[in-house]
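In what follows, a single structure is set out as structure tokens and then discussed.
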Amino acid sequence: MDILRVIVLGASADQGIPLVNSLLRRGFVVTAGARRADAMESTPFPEIKVVHADITDAATLERAFAGQDALVMHLPFEFDRAKAAAMGATIAAGARKSRLRKIVFNTSCFVADHDLDLSAHDGRRDIEAALASTGVPCVFIEPTVFMNNIIRVWTKPSIINHGVFGYPAAPGLKISWIALEDVAEYMAAALETDRADGRHVPVGGPEALTGAEVAERLSAEIGRPIVFRSLDPADFAANMSELVSGTRTVTPGTPYEGMAKFYAYYNAQPVSPLVVDPAATRRLIDVAPMPMAEWLKRWDWSQPT
């Protein structure tokens, strides 16, 4: 498929920056869709054209999508399913009136083939369904767990200050951790082939690792022993809430509660839903994701933040 012009929703965010980088490196003409005209000014790509796009306003999206070949995006995590569904319906309405030839949506999380009674997860399914209803060929990139969670403020300080990698994964839970850069590569590469059109594509790194195995790789990179501590998801949520809001009380509907529910579900499964066969994925989208040890070398482990 001859796609050249690509509009990105979420271009200035954590997942958007590596995506823009991958798209530009592959020769795509990139436009950022954002509510703020200055959205890209403080990013590595201040020269990127920005058009007004509000994911709650279908009319602005229709105008933003005009003249574009493809829409590529990740979206804010919405823990209210009704709001997520409304967001998907609005984007679909804008896309339906456009001449887009492909949509690539990064769900930012594992997505099952059925509802799980987890509002954030089920809302992602609603967004996928809305996009699929447009008739535009869609590729749904469904990552497992981001390696970048390891360097977040709720994880890295404990590694550096206490030699403890604490994470809400059960000791036996295997995860095909994936770097944000590789998620971006999958998204960009999906524009260059039609093999994944209409498909839900789970993406993960080349290794399925337990928390202890991640700690082993951290130890090797940092040069001192790092141990894994399996955190109860509810305690993990309380820790995050205290870090951000100053209270360990986890308010219903907050990201902390939502994250705890995700990991409680993962930990309860007899077979980890977070293990991906990268060879199977590569048959659809030709990307070779990096192993954990390679990704760890990209970061400064001398400081806790």
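The values are calculated or read from the model by the stated rules, or taken from the named source; none is laboratory data. Since this is a predicted model, take the numbers as computed values, not measurements. Positions of Cβ are generated from backbone atoms using ideal geometry, with glycine treated the same way; all protein chains shown enter the neighbour counts.
Listing for the model above:
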{"item": "Residues within the stretch 89-106 that are of a type in the set (S, T, N, Q) and either without any contact (Cβ under 8 Å) to a residue 40 or more places away in the chain or surrounded by fewer than 20 Cβ atoms within 10 Å (Cβ to Cβ) (or both), tallied", "result": "2"}
{"item": "Residue list for the stretch 21-32, filter: touching a residue at least 40 places away in the same chain (Cβ under 8 Å) and either under 14 Å from Ala70 (Cα atoms) or assigned to a loop (DSSP other than H, G, I, E, B) (or both)", "result": "Leu23, Arg26, Phe28"}
{"item": "Search result, residues across the stretch 127-160 that are crowded, with 18+ Cβ neighbours inside 10 Å, under 26 Å from Arg195 (Cβ atoms) and in contact with a Lys or Arg (Cβ under 8 Å, 6 or more places away or on another chain)", "result": "Thr134, Val136, Pro137, Cys138, Val139, Phe140"}
{"item": "Qualifying residue in the stretch 189-207 (condition: free of Cβ contacts under 8 Å to residues at least 60 places away in the same chain, under 30 Å from Gly27 (Cα atoms) and of a type in the set (A, V, I, L, M, F, W, C))", "result": "no"}
{"item": "Of all residues making up the stretch 248-282, the number that are part of a loop (DSSP other than H, G, I, E, B), of a type in the set (A, V, I, L, M, F, W, C), within 20 Å of the chain's Cα centre (by Cα) and surrounded by fewer than 20 Cβ atoms within 10 Å (Cβ to Cβ)", "result": "1"}
{"item": "Pair list, Cβ < 9 Å and 6+ apart or interchain, from the stretch 223-244 residues that are closer than 26 Å to Lys297 by Cα to residues that are outside any loop (DSSP other than H, G, I, E, B) and of a type in the set (Asp, Glu)", "result": "Ile226/Glu216; Phe228/Glu213; Phe228/Glu216"}
{"item": "Single residue of Gly16, Gly10 found to be more than 20 Å from Glu192 (Cβ to Cβ), buried (at least 17 other Cβ atoms within 10 Å of the Cβ), modelled with pLDDT of 95 or more and under 18 Å from the mean Cα position of the chain (by Cα)", "result": "Gly10"}
{"item": "Among (1) part of a loop (DSSP other than H, G, I, E, B); (2) closer than 25 Å to Thr107 by Cα - the single one Pro171 does not satisfy", "result": "(2)"}
{"item": "Candidates Ala184, Ala237, filtered to the one that is out of contact with any Leu (no Cβ under 9 Å at 6 or more places or on another chain), of a type in the set (A, V, I, L, M) and not in a loop (DSSP other than H, G, I, E, B)", "result": "Ala237"}
{"item": "Flag if Gly94 is at pLDDT 95 or above and within 20 Å of the chain's Cα centre (by Cα)", "result": "no"}
{"item": "Residue match in the stretch 196-209 (condition: within 30 Å of Ile285 (Cβ to Cβ), among the β-branched types (Val, Ile, Thr) and either at pLDDT 95 or above or not in a helix (DSSP H, G or I) (or both))", "result": "yes"}
{"item": "Those residues of the stretch 158-186 which are farther than 20 Å from Val276 by Cβ and touching a Pro at 6+ places or on another chain (Cβ under 7 Å), in sequence order", "result": "Ile160, Asn161, Gly163"}
{"item": "Residues within the stretch 41-91 that are in a loop (DSSP other than H, G, I, E, B) and among the hydroxyl-bearing types (Ser, Thr, Tyr), tallied", "result": "3"}
{"item": "Total residues in the stretch 126-184, condition aromatic (Phe, Trp, Tyr) and in contact with a Gly (Cβ under 6 Å, 6 or more places away or on another chain)", "result": "2"}
